[in-house]
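Structure record follows, encoded as structure tokens.
The values are calculated or read from the model by the stated rules, or taken from the named source; none is laboratory data. All of these numbers come straight from a predicted model, not from anything done at the bench. Counting neighbours? That spans all protein chains shown, and the Cβs are built from the backbone with ideal geometry, glycine included. These accessible areas exclude ligands, DNA and RNA; they are computed on the full protein's heavy atoms, side chains included. Shrake-Rupley method; radii C 1.70, N 1.55, O 1.52, S 1.80 Å.
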Amino acid sequence: MKQKVGIVFILLGLVALLFAFKSGFFKSSRDGYADQKLPEVVDYNFHIKPILSDNCYTCHGPDANKRKAGLRLDLEKAALSELPENPGKYAIVAGKPGHSLLYQHVVSDDPKQLMPPPDSQLALNSYEKKLLKKWIEQGAKFEKHWAFIPPKKAELPKTELADWTQNEIDAFVLEKMEENNLTPSQKAEEHTLIRRM
């Protein structure tokens, strides 16, 4: 009997814990992305397309049956064109996030204006909002799918710990570490390196 009571209490505790997590009881008041450093140049395929795909394409993507407000964000021409249901208004105005309805709706405090809508269970974090703003400020350049862009040699990024790098790849690794407020570990001593070999 005592075992059954113990199992019931454990199950109730687990259910309560799951409910607390789902309701946001354990969420920090700070946004975990607030300190993340923005890239110098916001890349559409790497930074913006995943945000739009995960949060916006359900209602503003390729599926004509689910599209709302006549807005399609997956095509450059449609995303930059005048809104059919809102003459004189544009979802994206290159260089002007304050005039871009997309950005205004993403940062809105009004639940009726907020995009994605609260009932969709989707939301952009502060880092994603900053990325969208910077992308629009930089001209809102759309790109072809990465597979259709011919590769070209990238310039080595400028990093704070340039003496740490030993080859070209290290510069790119260090750049990403610095974007995430990380620093490389100290080089191991010679006897440790020999032991690892």
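With respect to the conditions (1) surrounded by fewer than 14 Cβ atoms within 10 Å (Cβ to Cβ); (2) touching a residue at least 60 places away in the same chain (Cβ under 8 Å); (3) not β-branched (Val, Ile, Thr), residue 124 lacks only one, and its number is (1). Kindly establish whether residue 111 is at pLDDT below 95, open to solvent by less than 100 Å² (accessible area, probe 1.4 Å) and within 19 Å of the chain's Cα centre (by Cα). So residue 111 does not fit the description; no. Screening residue 39 on (1) within 22 Å of residue 176 (Cβ to Cβ); (2) surrounded by 12 or more Cβ atoms within 10 Å (Cβ to Cβ); (3) of a type outside the set (D, E, K, R); (4) at pLDDT 90 or above shows it passes everything except condition (4). Can you find a residue in segment 147-170 that is open to solvent by 80 Å² or more (accessible area, probe 1.4 Å), closer than 30 Å to residue 90 by Cα and out of contact with any strand residue (DSSP E or B) (no Cβ under 7 Å at 6 or more places or on another chain)? Yes, segment 147-170 contains a residue that is open to solvent by 80 Å² or more (accessible area, probe 1.4 Å), closer than 30 Å to residue 90 by Cα and out of contact with any strand residue (DSSP E or B) (no Cβ under 7 Å at 6 or more places or on another chain). The residues of segment 127-144 that are open to solvent by less than 80 Å² (accessible area, probe 1.4 Å), in a loop (DSSP other than H, G, I, E, B) and in contact with a helix residue (DSSP H, G or I) (Cβ under 8 Å, 6 or more places away or on another chain), listed by number, are 140, 142, 143.
Do we have residue 66 as surrounded by fewer than 14 Cβ atoms within 10 Å (Cβ to Cβ) and modelled with pLDDT under 90 here? Show your work before the answer.
On the way: surrounded by fewer than 14 Cβ atoms within 10 Å (Cβ to Cβ): yes; modelled with pLDDT under 90: yes.
When the stated conditions are applied, residue 66 passes them.
Is there a residue being over 22 Å from residue 68 (Cα atoms), among the basic types (Lys, Arg) and out of contact with any Phe, Trp or Tyr (no Cβ under 7 Å at 6 or more places or on another chain) anywhere in segment 116-138? Checked against the condition, which is being over 22 Å from residue 68 (Cα atoms), among the basic types (Lys, Arg) and out of contact with any Phe, Trp or Tyr (no Cβ under 7 Å at 6 or more places or on another chain), segment 116-138 yields at least one hit. Note on segment 41-74: residues that are in contact (Cβ under 8 Å) with a residue 12 or more places away in the chain and part of a loop (DSSP other than H, G, I, E, B) amount to 12. The set of residues in segment 128-156 being touching a Leu at 6+ places or on another chain (Cβ under 8 Å) and more than 22 Å from residue 59 (Cβ to Cβ) consists of 130, 134.
May I ask you to verify whether residue 88 is assigned to a loop (DSSP other than H, G, I, E, B), over 19 Å from the mean Cα position of the chain (by Cα) and under 16 Å from residue 142 (Cα atoms)? Talk me through it step by step, then tell me what you get.
Numbers: assigned to a loop (DSSP other than H, G, I, E, B): yes; over 19 Å from the mean Cα position of the chain (by Cα): yes; under 16 Å from residue 142 (Cα atoms): no.
No; evaluated as a whole, the condition is false for this residue.
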